[in-house]
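The values are calculated or read from the model by the stated rules, or taken from the named source; none is laboratory data. Since this is a predicted model, take the numbers as computed values, not measurements. Counting neighbours? That spans all protein chains shown, and the Cβs are built from the backbone with ideal geometry, glycine included.
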Amino acid sequence: MSSSAPKAPRLLGRYALHGEIAAGGMASVHLGRLLGPVGFARTVAIKRLHPQFAKDPAFVAMFLDEARLCARIRHPNVVPTLDVVSLEDELFLVMEYVHGESLARLQRFARARDEHVPVEIAVGVMSHVLHGLHAAHEAKSERGTPLDIVHRDVSPQNVLVGTDGVARVLDFGIAKASSRLQVTLEGQLKGKLAYMAPEQLDHNDVDRRVDVWAASVVMWELLVGRRLFVGDHPARLMKAVIADRIPPPSEVADGEGRRARRDEVPKALDDLVMRGLSRDPGGRFESAQEMAIALDATGLVATQHAIGAWVASVATESLATRGDRLADIEGTAQTSPNVLGTTSEPSPDVRASYATLPGDGTFAATERDAREARPRRRVIVAAVGGALVVAAAALAAISRREAPAVAVEAATSTPTLASLPPAPPIVSSAPARAPSPGPASAPTPSTSAPGPALPVTAKPKAPKARPPSSKCDPPYKVGKDGVKIPKLECL
């Protein structure tokens, strides 16, 4: 093991791009990490298109459009498209990471061990592939409109078989875009001509049955152990696809001249494969689902456990190496510049990349809103803290002055008769008469004829006598703030 530190990943917005794990004619595949807020992280696979494709505006527009459509495919046998990143004149397709190998590599590993792919494994894998293709063919838009998605490039390179025993189809968006490339890029398609249906090579209108043809070619090759159509030049390869005889799998020796698998491949399976390889589209299965159901009915479909065990046994060394790389990547503390809680701001390039991510509202908006909310939170916290300090001080002052304040209020706002001065004399124009039983200070109006005014003096009420105690001398006390507070017992 090398003692040198692993190379730092390249940041693509919220993704970290790590080392390459596979390469093809159109792209290379890398391990990646989705770096989310509060320490959330997830391992993903990132397909990086070769520069010549990413710099073609027509291809980029078509690819992005197809990628958005293919995000509508939701099925266990289809590798989900999670995101598309366009950054610095490059295109990146973010997919779910599956711990497994492509069917092409598994075939090579089996040949290196001088082994055939078991018939049950081949049937089980292709049943998964066909169910996944049918889900793509039936995909609908948000409004329920059929999307009419056709893969157009079903091949062993585009089938991923995991150690969980599930086979998945991938690369829908790239397939359709690549089929429309200009003639100058035909060399990039040389390896895939062997899986194109005759009508596809003739540039006729294609439908889902071209995927049934391609899946049948892959099935034939799994059962036999060699390529069905070969040619040292694209023209010869196309001629073989259009005109060469196609023998049943049970009658053919593999590429190493080993015996035919007549005893292992039943006639019913021969017939299914040959129906899928009908050069007349009308003679094939009408749908991928119809062919999958026919395969399931043979009773030769391996269980997920059996498929997963076969993958682990054939690709032991490759999977162990990648597992070590995953452990190094996942065990290293990583911080994305757009993760909540970071101490540094994202670079301008990273901030600009957010705008290029389709459907990017969740993560980018979360971080942007969080950064804008931090100053507001600090202001709110300071204001609340200040208010609490003021309130505490006010409560302390009130508690110190509560009793004197009550006494002052009682002395000033509720005076008693003893504290009032004697009433002044009242002069009335009415004749003098005996006072009524009512209060002495309230004279009774007269109904007699007016006469000469006589002075009448109201008899004041005698003041309440103070208790004969020295405690009421004086009858008040002085508070801490100099305010005279009447003694209640002296009133």
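At a glance:
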{"item": "Single residue of the range 262-284 satisfying the filter (part of a helix (DSSP H, G or I) and of a type in the set (A, V, I, L, M, F, W, C)) that is surrounded by the fewest Cβ atoms within 10 Å (Cβ to Cβ)", "result": "Ala268"}
{"item": "Condition broken by Glu221, with the remaining ones in (1) of a type in the set (Asp, Glu); (2) at pLDDT below 85; (3) in contact with a Leu (Cβ under 8 Å, 6 or more places away or on another chain) satisfied", "result": "(2)"}
{"item": "Counted residues, the range 291-332 - those being over 30 Å from Leu31 (Cα atoms) and either of a type in the set (Ser, Thr, Tyr) or exposed (fewer than 14 other Cβ atoms within 10 Å of the Cβ) (or both)", "result": "3"}
{"item": "Which numbered condition Ala306 fails, given (1) over 22 Å from Ala112 (Cα atoms); (2) at pLDDT 95 or above; (3) in contact with a Pro (Cβ under 9 Å, 6 or more places away or on another chain); (4) not charged (D, E, K, R)", "result": "(1)"}
{"item": "All strands (runs of 3 or more DSSP E) inside the range 87-186 with 1 or more residues being at pLDDT 90 or above, surrounded by 18 or more Cβ atoms within 10 Å (Cβ to Cβ) and not hydrophobic (A, V, I, L, M, F, W, C)", "result": "100-102, 159-162, 167-169"}
{"item": "Residue match in the range 24-42 (condition: in contact with a strand residue (DSSP E or B) (Cβ under 9 Å, 6 or more places away or on another chain) and among the basic types (Lys, Arg))", "result": "yes"}
{"item": "Residue within the range 24-44 that is modelled with pLDDT under 85 and closer than 30 Å to Pro146 by Cα present", "result": "yes"}
{"item": "Where a residue in the range 71-92 is touching a residue at least 24 places away in the same chain (Cβ under 8 Å) and its partner, wherever it lies, is aromatic (Phe, Trp, Tyr) and in a strand (DSSP E or B), with Cβ under 9 Å and at least six apart", "result": "Asp83/Tyr15; Asp83/Phe92; Val84/Phe92; Val85/Tyr15; Val85/Phe92; Ser86/Phe92; Phe92/Tyr15"}
{"item": "Of the criteria (1) at pLDDT 95 or above; (2) farther than 20 Å from Ala215 by Cα, which one Asn77 fails", "result": "(2)"}
{"item": "Residue that is modelled with the lowest pLDDT, among those in the range 55-64 that are more than 21 Å from the chain's Cα centre (by Cα) and surrounded by fewer than 20 Cβ atoms within 10 Å (Cβ to Cβ)", "result": "Met62"}
{"item": "Failed criterion for Arg68 (all others in (1) in a helix (DSSP H, G or I); (2) buried (at least 17 other Cβ atoms within 10 Å of the Cβ) hold)", "result": "(2)"}
{"item": "Qualifying residue in the range 5-25 (condition: within 25 Å of the chain's Cα centre (by Cα), farther than 17 Å from Met95 by Cα and part of a helix (DSSP H, G or I))", "result": "no"}
{"item": "Test: Ala67 is within 19 Å of the chain's Cα centre (by Cα), under 18 Å from Arg168 (Cα atoms), of a type in the set (A, V, I, L, M, F, W, C) and modelled with pLDDT under 85", "result": "yes"}
{"item": "Residues within the range 79-108 that are touching a Phe, Trp or Tyr at 6+ places or on another chain (Cβ under 8 Å) and aliphatic (A, V, I, L, M), tallied", "result": "4"}
{"item": "Count - residues of the range 198-250 that are crowded, with 18+ Cβ neighbours inside 10 Å, outside any helix (DSSP H, G or I) and of a type in the set (Lys, Arg)", "result": "1"}
